[in-house]
């Protein structure tokens, strides 16, 4: 069973389901030719996709166009269903940074056919995680900067307040569709600048004040 670690403590949480939000930054939606959504776009990743900072991202042989997507990740600490704003806020107990690795060529073909994105989003090593910081040690302001460097070249850099839907709004919405439970993770979407990651690339993702991660594509 895979677990996330809380910095500055011995606490760990077994990972439950991984709920992801697509198109949560307007400029990212536009760069891929998508409409800016009026509700969060939701998809899932399996826990088998999870690796951690320092591990290797394995480029699947069935794709030639794997992209990096850097995201704020929320750790859910209590069961919530149909949460209001207060309950949604209280359900978030820690923050981390993650990479939602995406097979863009596969996703494009699936979208053309009206099929789910699962193959493009759920492959092994497609969910990279940092350690998490507890809300007791850090309170999110949304002024934090989210960034990604590939081989020391900056690819993504944005303020979290550019998200279309805030973390609390995302948890509210997801909980109206499905129950969120302790240990669930929520990927909150990526800013503009997504690009191809190839074998040998070294990735460094960071959110100021929260966490960072490093990994290499194999």
| Candidates 105, 38, 89, ranked by Gaussian network fluctuation over the chain, Cα under 10 Å, top entry | 38
| note | Yeah, region 1-125 with a ≥ b ≥ c from its alpha-carbon gyration tensor (a/c under 1.5 is rounded, else prolate when a/b outruns b/c, oblate otherwise) is oblate
| query | Which residues in region 57-80 place their backbone N less than 17 Å from a point set 7 Å from the Cα of residue 173 along the Cα-to-Cβ direction? | reply | 71-74
| said: I want the antiparallel fraction of DSSP beta bridges within the chain, as a percent rounded to 5. | reply: 85 percent
| query | Based solely on its DSSP helices, what 222 nm [θ] is calculated for the chain when runs of n ≥ 4 H residues each add -39,500 (n - 2.57) and the sum is averaged over all residues, nearest 500 deg cm²/dmol? | reply | -4500 deg cm²/dmol
| Sequence ranges 96-104, 46-54, ranked by mean other-Cβ count within 10 angstrom, highest first | 96-104, 46-54
| task | Rank 189, 33, 200 by mean-square fluctuation in a GNM of the chain with C-alpha springs under 10 angstrom and give only the top-ranked residue. | result | 33
| query | In terms of the Cα gyration tensor, with a ≥ b ≥ c the square roots of its eigenvalues, is region 24-94 rounded because a/c is under 1.5, prolate because a/b exceeds b/c, or oblate? | reply | oblate
| field | Burial ranking of peptide ranges 129-137, 67-75 (average Cβ count within 10 Å, highest at the top) | value | 67-75, 129-137
| Highest GNM mean-square fluctuation, the chain, Cα pairs closer than 10 Å: which of 37, 167, 116? | 116
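None of the figures in this text is laboratory data; all of them are computed from the coordinates on show. Bear in mind that the values here come from a model prediction, so they are computed numbers and not experimental data. Cβ sites come from the backbone with ideal geometry, for glycine too, and all protein chains shown count toward neighbours.
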